[in-house]
Amino acid sequence: MRAASNPGAKLVPPVHAFDATALGAYIHRHVDPFGGELEVEQFQGGQSNPTYRVTAGDRRYILRRKPPGNLLPSAHAVDREYRVMSALAATDVPVARMLALCEDASVIGTAFYLMEYVEGRVLWDPRLPGMEPTERAAHHDEMNRVLAVLHSVDYASVGLADYGRVGNYIERQVSRWSKQYESANVERIPAMDRLIEWLPSRIPPDDETTIVHGDFRLDNAIFHPTEPRVLAVLDWELSTLGHPLSDLAYNAMVWRLSPEEFRGLKGEDLVSLGIPTEDEYVAAYCRRTARDGIPHWEFYLIFSMFRVAAILHGVLVRALQGNAASQDAIETGSRARKVAAVAWAMAQGIRN
């Protein structure tokens, strides 16, 4: 295996610093009475909840916290991340072990949780540079498998019957992200304005409810150090009960977007790379979930691009406010315009 681990998630001195002494006291009381020094490093590369590696003596943990500053309504719900991963620990969905949830903002300034540190690879580039074609195929197939496993979980049986509303997920998501986009006091994006008008009247009639991750993509998983096996799915902030095909479409957007637009595969020679085509990837998911094709597939892709454009727009807003989680947040947030333009071009190709 010659693929490099995630070069984008480098560790740096905390950009969002906090009282490490208070954290050490909390860990000592609630997680482990460690001996030795406490070291805190922040991961760079994510765009939402600041994430840190905490070394306490000879033990390592991951800390996720709400960012400081004014936040969008219902955003950055670290308590929901903690809850869903705790519930999924009893299933075949790979998640890190949860250790402690602290909702007392007086400890480090915002709510946070601690989980085990999972040693492995985070792969940001879906082209998987440095791998052999068979390895690329295996990694993408593993991602597909994990998503199908997640959507097969009986959410009520794992205590998540009230984790979200049942039904009309896409309608509610269009409304939610439209409002969040429109509430931002930054330059508007014409393609977003058009999609906000276009989407509501074209939502497919078929409806389903499963647990959805909400941000399921290659770089939100930790792979085994040498095998094409996911050890833990990360970043459950946007998870809820929702339509599984929206999750699949979000995951499959990479085939419609270029690397410049948003870490995509469009324009790549997939055959020589060993990466499945979009049709092959969707067909594998359908086999795993006993589906006979997916009607309205283009709509789900357009909706997912609208949604990610709204998320990126929120990253830009936080960056302009000075409280984004990543140093490259302005550049990343500016991609909202490109993604929205691709979605609107696709929408114009659908006959009413």
Name the residue that is nearest to the chain's Cα centre (by Cα), counting only residues in region 53-88 that are modelled with pLDDT of 95 or more and among the hydroxyl-bearing types (Ser, Thr, Tyr). 82
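Which residues, counting only those in region 311-335, are charged (D, E, K, R) and either at pLDDT 95 or above or part of a loop (DSSP other than H, G, I, E, B) (or both)? Spell out the reasoning first.
Filtering region 311-335 for residues charged (D, E, K, R) gives 318, 328, 331, 335.
Scanning region 311-335 gives 328, 335.
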Working only within region 91-115, note down all residues that are surrounded by fewer than 16 Cβ atoms within 10 Å (Cβ to Cβ) and either within 23 Å of residue 151 (Cα to Cα) or not assigned by TED's automatic domain parsing to the domain that holds residue 26 (or both). 92, 97
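I'm trying to understand the selection: among the residues of region 231-290, which are within 28 Å of residue 153 (Cα to Cα), surrounded by fewer than 19 Cβ atoms within 10 Å (Cβ to Cβ) and of a type in the set (A, V, I, L, M)?
If we filter region 231-290 for residues that are within 28 Å of residue 153 (Cα to Cα), which is where we start, we get 231-255, 275-290.
Then drop every residue that is not surrounded by fewer than 19 Cβ atoms within 10 Å (Cβ to Cβ), which leaves 231, 277-280, 283-284, 286-290.
Passing the criteria: 231, 283, 284, 290.
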Any chance region 300-310 includes a residue that's at pLDDT 95 or above, of a type outside the set (Phe, Trp, Tyr) and not in a helix (DSSP H, G or I)? no
Among the residues of region 215-232, count how many are over 22 Å from residue 133 (Cα atoms) and touching an Asp or Glu at 6+ places or on another chain (Cβ under 7 Å). 2
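Name every residue in region 13-44 that is assigned to a loop (DSSP other than H, G, I, E, B), within 28 Å of the chain's Cα centre (by Cα) and free of Cβ contacts under 8 Å to residues at least 24 places away in the same chain, in order of residue number. Write out each step before concluding.
So in region 13-44, the residues assigned to a loop (DSSP other than H, G, I, E, B) come out as 13-19, 31-37, 44.
Those still in the list that are within 28 Å of the chain's Cα centre (by Cα) too: 13-19, 31, 44.
Answer for region 13-44, where residues must be assigned to a loop (DSSP other than H, G, I, E, B), within 28 Å of the chain's Cα centre (by Cα) and free of Cβ contacts under 8 Å to residues at least 24 places away in the same chain: just 17.
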Please work out which residue is farthest from residue 233 (Cα to Cα), limiting yourself to region 150-164 and to residues that are touching a residue at least 60 places away in the same chain (Cβ under 8 Å) and out of contact with any strand residue (DSSP E or B) (no Cβ under 7 Å at 6 or more places or on another chain). 159
Residue check for residue 144: under 29 Å from residue 279 (Cα atoms), under 20 Å from the mean Cα position of the chain (by Cα), polar (S, T, N, Q) and buried (at least 19 other Cβ atoms within 10 Å of the Cβ): yes
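Among the residues of region 93-145, what is the count of those that are under 18 Å from residue 82 (Cβ atoms), in contact with a Leu (Cβ under 9 Å, 6 or more places away or on another chain) and among the charged types (D, E, K, R)?
We begin by selecting, within region 93-145, every residue under 18 Å from residue 82 (Cβ atoms); these are 93-105, 107-118.
Now restrict to residues that are in contact with a Leu (Cβ under 9 Å, 6 or more places away or on another chain): 93-96, 98-102, 107-108, 111-116, 118.
Imposing the further condition that a residue be among the charged types (D, E, K, R) reduces the set to 116.
So the answer is 1.
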List pairs: first in region 252-279 and on the phi < 0 side of the Ramachandran plot, second polar (S, T, N, Q), Cβ under 7 Å, 6+ apart or cross-chain? 253/304; 264/258; 266/258; 270/277
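The values are calculated or read from the model by the stated rules, or taken from the named source; none is laboratory data. The structure presented is a predicted model; accordingly, all values stated were derived computationally and were not measured. Note: ideal-geometry Cβ built from the backbone for every residue, glycine included; neighbour counts use all protein chains shown.
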